[in-house]
């Protein structure tokens, strides 16, 4: 959830306040709409958490139903959820005059949120992978394809120093946040790995990636470039923008990947949350968004840019069956990320701006793919130089307090943050990180449930943690 989304949600009155003093004018988030969105959040997290990750409802409530917004949190208990284990659906009642908000799960594609007003009958129309598709199990293969021989033991001095740093990641004090998993990879092998087993997490437990999935999105685009399906520097092949005279037809996939599309995404204009929890199709809300700035000129963090970049691949491919398998067959399954899935809207577009689930080890594999410039087990999966492309600063840059930059769907770090030159990371809300440090041949993965306050405090201090990890790896025996 972005700060602007949180601001709009938190300005909605509680029911008691609204009864005393009705709103003087209509707002984007009416009480009805807030209830609809909160119910969808509950349905989606129950659906993916139960059927993708194998969590109990109680575990999901403890991990992800807090720190969202005071209004939503106050509504969750009064919205009953019907969990259908057999059909793998969750229906959350939120208003007496409306059908419940419904999320439905399918193998591989995970959960999809139905639009407001849809009934369970609509589930049968959702996109699905072919029934003859079998998700591979590579657990018994050697690391990194599988889990066999994944770890190495460091010299005792380094191991002790690194162990202290990693343990500090879980105490909530030294680096802040609430951590459930850490994986450190050096020279291709795991040199440290720790999980919060008390919460039920281990190396095979997936959880929502949030915006770290944007790294998956640019990888899908990269795989499509390698196969000659698209050219990121040409105009994005979206039919919604091809009406003669439409200025949006100038937008390239490169603009979208750099968050420089020029589409209106300031404050509540960013439609990402409506896609996640309003059940709006990307083709309706994101592709038909209005122009606000010329493309390539201004950086604005907008999940819809990510979604549209992947939708451009779908349009160019002209084969939905192939498209829905593409991230899995061309990236995830090839790299052993067999417990990673990325979810779609009900119209079949991947919401790869954040709606994906993955394990900490799969995050490590993903980092290794980029550390090796898109080559895996001798096979080139991404175009040569794609790692350099995602780590090259976008034409316009965010103004972040810590000076971090932005490339193509990856955040950029370096000496300003106390790290080596050329560091980049897939990063998501509540502390989901896969950080690539090429100069040290290191990948740092951290997963969590961080809760931010209104001042943006409370998150995990990633750069400080990463610097301490690198220092520990350089420790020499006395």
Quiz item: How about the range 24-117: which helices (runs of 4 or more DSSP H) wholly inside it have at least 3 residues that are surrounded by fewer than 16 Cβ atoms within 10 Å (Cβ to Cβ)?
Solution: 70-75
Practice problem: Being in contact with a strand residue (DSSP E or B) (Cβ under 7 Å, 6 or more places away or on another chain) and outside any strand (DSSP E or B) is the filter here, so list the residues in the range 340-354 that pass it. | Solution: 340, 343, 345, 346, 351, 352, 354
Quiz item: Based on what the data block shows, is residue 420 surrounded by fewer than 18 Cβ atoms within 10 Å (Cβ to Cβ), in contact with a strand residue (DSSP E or B) (Cβ under 7 Å, 6 or more places away or on another chain), within 28 Å of residue 155 (Cα to Cα) and not assigned by TED's automatic domain parsing to the domain that holds residue 223?
Solution: yes
Quiz item: Can you name the residue in the range 367-388 that is part of a helix (DSSP H, G or I) and touching a residue at least 60 places away in the same chain (Cβ under 8 Å) and is also nearest to residue 427 (Cα to Cα) among such residues?
Solution: 367
Quiz prompt | Count of residues meeting criterion [assigned to a helix (DSSP H, G or I) and in contact with a helix residue (DSSP H, G or I) (Cβ under 6 Å, 6 or more places away or on another chain)] in the range 312-339 | solution = 8
Quiz item: Residues of the range 451-478 being closer than 17 Å to residue 401 by Cβ and modelled with pLDDT under 95, which ones?
Solution: 452, 453, 454, 455, 456, 457, 458, 459
Quiz item: Taking residue 245, is it more than 15 Å from residue 292 (Cβ to Cβ), out of contact with any strand residue (DSSP E or B) (no Cβ under 6 Å at 6 or more places or on another chain) and either surrounded by fewer than 17 Cβ atoms within 10 Å (Cβ to Cβ) or at pLDDT below 95 (or both)?
Solution: yes
Self-check item: Meets criteria (touching a residue at least 40 places away in the same chain (Cβ under 8 Å) and either assigned to a loop (DSSP other than H, G, I, E, B) or surrounded by fewer than 19 Cβ atoms within 10 Å (Cβ to Cβ) (or both)) for residue 451
Solution: yes
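The values are calculated or read from the model by the stated rules, or taken from the named source; none is laboratory data. Note that this is a predicted model, so its numbers are computed, not measured. Positions of Cβ are backbone-derived with ideal geometry, glycine not excepted, and every protein chain shown enters the neighbour counts.
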